[in-house]
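Enquirer: Next up is a structure, given as structure tokens.
Read-outs throughout are calculated quantities, based only on the coordinates presented, and are distinct from any laboratory measurement. In this text the structure is predicted, and so the values were computed from the model without any measurement. Note that each Cβ is placed from the backbone with ideal geometry, even for glycine, and that neighbours are counted across all protein chains shown.
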Amino acid sequence: MNTYSPLQLIPTPIHLKSSRAASPSSLRVASPLIIRAASSDDSQSVENQTLEVLEWRALCNQLSPFASTTMGLSATKNAEIPVGNSPEESRNLLNETSAALAAMEMMKSRGLGLSEIQDLSDIVERAVSGQLLTVRELCTVRSTLTAATSTFQKLRKAAISDNRVTPLVDILQGCDFKDTLQQKISFCIDCNMTMILDRASEDLEIIRSERRRNMENLDSLLKKISTKIFLAGGINKPLITQRRSRMCVAIRATHKSLLPGGVVLSVSSSRATCFIEPKEAVELNNMEVRHANSEKAEEMAILSILTSEVVMAQREILHLLDRILELDIAFARASHANWINGVYPNVTSEHTKTPGLAVDIDSAQHPLLLGSVLGSPNGGDIFPVPVDIKVESSAKVVVISGPNTGGKTALLKTLGLLSLMSKSGMYLPAKNCPRLPWFDLILADIGDPQSLEQSLSTFSGHISRIRQILDIASENSLVLLDEICSGTDPSEGVALATSILQYIKNRVNVAVVSTHYGDLSRLKDNEPRFQNAAMEFSMETLQPTFRVLWGSTGLSNALRVAKSIGFNKRILENAHKWTEKLNPEQDVERKGSLFQSLMEERNKLKLQATKTAAFHRDLMNLYHEVFKNVVLLILLISCNVCFCS
């Protein structure tokens, strides 16, 4: 039997040379956990713990509702979105996000049709393993390749109108959309009917033609026989059916003699009716079975040829799916940027540093806290308090002090997440034009005192993790340490923390640490690479405001809070005495009063500025009112003069 390959039936198109490598991208297997290549087990463990404590997976999950493909949905749910391994890669990801925003603005409701693209990796894997693909699976391959081609054409058309879309075209530029494979599947299969077409091969066309002719003869014969049986009273009405894959007629068991030499294929449950193959139909039925087997074999041969075509296109298909995944995640990032009202961050590298602030972020909001509000139908206006993050270019270590529940931990997590977001091409929930360095590693030791399962809240756990961080941190790393060296003897804790910070100042890009140790804030006095910050505390409400006072040194205010809630005076007096004994070199009360007076003076100045602005506004309103009255009076006088004349 001759079988014509679909390759022989369809002209082979000219293939364009790819300007981009055709190898599968690492996006499909890369995880953001792998932020630095060839890391040790300890390094990988610390990086994984950092991502866990920063809740990076939860942030990636915010992208899931905006993914259009099953591949994008899986990647965002499993935190496998692309993360730039260099400043240039991160900037490229950000440019793709900007391009997706421009494309969304242009296309509006039309869309790209990304949801029509299916993940073909399982189908390709089955084909490569030697399994025969079904008609439905081949149709899925064709529809996905067709949808990907349409997406590329739409993007190219959009880029002609607006060159901001060009980075999205570059993602798919050079991909092989396997036009030939699409044509072969379309030529051989009717995907609407999910059946192989007669034209798929010459043999199939001949076999089906002969089978139809044989079935017509068989059907005509059985109709004549069934009519004779009916006229002879052997059945209530003529009935032709199929039993055991052979065509037959129905007849009453009492009238079997009407079909001498016939083969009984089956009987009814009541045994009153027999289904008999007349002897005249035996050869035609045999021919039908042979034709059916031949047709099945020919269809299998055609499916085998098409499956082998998919196997040969494996590399190009998987590469194309990688590019489609990158495109889908770019649009998910763009939709997320709209959702959080995010802004494009300026990611700096070592050679682009400028004097001033290394980290300059205005009104930053914790993305997970913001997301919980935006995603809640009754969230109201209770948005997370925006904080300004200002790290000087000369500073390597920032020491943040302040009371418990004042927002120190949230600030560290916010900075860590915003740094990860900028590396991943995501817009930031902030204002103006945020600027921050590109960090090769983001390492954090942040214990959660509200979690009973967080074993790293013990001193030994913290120190062990800090040791691992010091071992792998580089001069381009961001290190976040919450309550450094707490949970032990204060004098030893201060000594150890001071030594760690003195060591780390020469080995990282930026380190931000929170502490209750006041002595750590004094490191700046003799070292320009240190910077202080304090969480603001309202002396009127005795509550934290969650705002950061950069360049200030905060106090815990524990004794003032205890006094405000009516704590025993004798206990408080003894506490003051112990404070003076434990800190003989510091005048704690004087320092606290000075800080309080400065805060009061600051509030007074704010109040005066508010009053001045209100007075100026009222004065201008009065001016405009008087001016209108004068104009009106002039008009009235003019009208009276005209009337009199």
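Enquirer: Assign one of three labels to segment 101-149, namely rounded, prolate or oblate, based on the Cα gyration tensor with a ≥ b ≥ c the square roots of its eigenvalues; rounded applies when a/c is under 1.5, prolate when it is not and a/b is larger than b/c, and oblate otherwise.
Expert: Working: a/c = 4.93, a/b = 3.06, b/c = 1.61.
Note, shape of segment 101-149 comes out prolate.
Enquirer: Let me make sure I get this right: for segment 135-227, a, b and c are the square roots of the gyration tensor eigenvalues over alpha carbons, sorted descending. Under 1.5 in a/c it's rounded, otherwise prolate if a/b > b/c, else oblate. Which is it? If you can, show how the numbers build up before the last one.
Expert: Numbers: a/c = 5.56, a/b = 3.89, b/c = 1.43.
The shape class here is prolate.
Enquirer: Sticking with this one: Could you please rank 221, 133, placing first whichever residue has the fewest other Cβ atoms within 10 Å of its Cβ?
Expert: On the way: 221 17, 133 22.
Arranged by neighbour count, lowest to highest, 221, 133 become 221, 133.
Enquirer: Treat each spin label as a single point 7 Å out from the Cα along the C-beta direction, and report the residue 571 to residue 186 distance in nm.
Expert: 8.2 nm
Enquirer: By counting other Cβ atoms within 10 Å of each Cβ, how are 139, 274 ranked from fewest to most?
Expert: Going from sparsest to densest Cβ surroundings: 139, 274.
Enquirer: Could you list the residues of segment 283-317 with an amide nitrogen less than 11 Å from a label point located 7 Å from the Cα of residue 263 in the Cα-to-C-beta direction?
Expert: Answer for this model: 283-287, 289.
Enquirer: Would you mind ranking 550, 56 so that the residue whose beta carbon has the fewest other beta carbons within 10 Å leads the list?
Expert: Least to most surrounded, the residues fall as 550, 56.
Enquirer: So, one more: What is the Cα centroid distance between segment 414-430 and segment 156-203, reported in whole angstrom?
Expert: Each part reduced to its Cα centre gives a spacing of 37 Å.
Enquirer: Roughly how many whole Å is it from the C-alpha centroid of segment 52-100 to that of segment 301-334?
Expert: Centre-to-centre distance over Cα atoms comes out at 20 Å.
Enquirer: Could you go through segment 228-244 in sequence order and give the Karplus-derived ³J(HN,Hα) for each residue, using 6.51 cos²θ - 1.76 cosθ + 1.60 with θ = phi - 60°, rounded to whole Hz, and x for Gly and Pro?
Expert: Here the 3J(HN,Hα) series is 4, 4, 4, 5, 8, x, x, 6, 5, 8, x, 9, 10, 8, 10, 9, 6 Hz.
Enquirer: Can you give the percent of C-alpha pairs in segment 203-292 whose distance is more than 15 Å?
Expert: Details: 2263 of 4005 pairs.
That fraction is 57 percent.
Enquirer: While we're on this one: Before anything else, pin down the relative contact order of segment 203-292: Cα pairs under 8 Å, at least 6 apart, normalised by residue count, whole percent.
Expert: On the way: 122 pairs, mean separation 25.4, N = 90.
Taking the mean separation of contacting Cα pairs over the length of segment 203-292, I get 28 percent.
Enquirer: Rounded, prolate or oblate: which fits segment 392-432, taking a ≥ b ≥ c as square roots of the Cα gyration tensor eigenvalues, rounded meaning a/c under 1.5, else prolate when a/b beats b/c? Let's see the in-between values first.
Expert: Details: a/c = 2.31, a/b = 1.45, b/c = 1.59.
Taking the square roots of the gyration eigenvalues as a ≥ b ≥ c, segment 392-432 is oblate.
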